[in-house]
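Single-structure report; data block below.
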Amino acid sequence: MKVRFGAGLGAGSPLPDFSRIVDRLERDGLDSLWLSEHIRSDAVDPLIVMAHALSRTTRLKAGTSVTVLPGRHPVLIAAQLASPAGLAPRRVLPVFGLQPARPGERELFPAPEGRRGALFDESLDRFETELLPRQN
């Protein structure tokens, strides 16, 4: 069994230190970098800085430690992940969830009452339909 170690920067990731942190993770041989999505905080935007991290490294993988899918258009998310996935094949690790962990951010990702789970499934299917053909 292969064991891999990654690092999560959490919600308070300091933007001025981000490049230095990414370079250190690559140099120290960590497998992956995990970026949290917290809209109402000083945290870095995971989709934006993921591209930056992948452009600075040759081996480090980068992933979202839960991007909320319901309330977003899945084609837009697929397009946002297609470019880094094309430039850094097999190093983009998206993780999707149903809703933000922070109650104060839930209104930012609207979904009809009682449909969040079904909307997630539909969005994930659409995401896969849009993204996978781009990677072949």
Gained length - R20 relative to S55, 0.36 nm times residue gap less alpha-carbon distance: 11.3 nm
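Report the local net charge at R91: Lys and Arg +1, Asp and Glu -1, summed over other residues whose C-beta lies under 14 Å from its C-beta. Please report the intermediate quantities before stating the final value.
On the way: positive: R4, R56, R59, K61, R90; negative: E26, D31.
Residues near R91 contribute +3 overall.
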Net charge, E113 excluded, C-beta distance under 15 Å - Lys, Arg +1, Asp, Glu -1: +2
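Taking all protein chains as present, what is the carbon and sulfur share of the accessible area of the chain, in % to the nearest whole number, probe 1.4 Å? Show your work: numbers first, answer last.
On the way: 4350 of 7920 Å².
The value for the chain is 55 percent carbon and sulfur by accessible area.
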Zone of R27's modelled label, taken as backbone nitrogen in the range 45-86 under 20 Å from a point 7 Å along Cα→Cβ: 52-62
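Between beta-carbons, use under 13 Å as the cut-off and find the net charge around P100, counting Lys and Arg +1, Asp and Glu -1.
Values: positive: R40, R72, R102, R106, R116; negative: E37, E105, E107.
For residues surrounding P100, the net value is +2.
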Amide N proximity, the range 103-130 versus A11 label position 7 Å along Cα-to-Cβ, cut-off under 13 Å: 103-106
Considering the values [x] 101; [y] 120; [z] 144, which represents volume of the Cα convex hull per residue in Å³ as calculated for the structure under consideration? [y]
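The values are calculated or read from the model by the stated rules, or taken from the named source; none is laboratory data. Model, not experiment: these values are computed from the prediction. Cβ: placed from backbone, ideal geometry, glycine included. Neighbour counts: every protein chain shown. Each accessible area value is taken on the protein alone, full model and side chains, heavy atoms only, with ligands, DNA and RNA left out. Shrake-Rupley method; radii C 1.70, N 1.55, O 1.52, S 1.80 Å.
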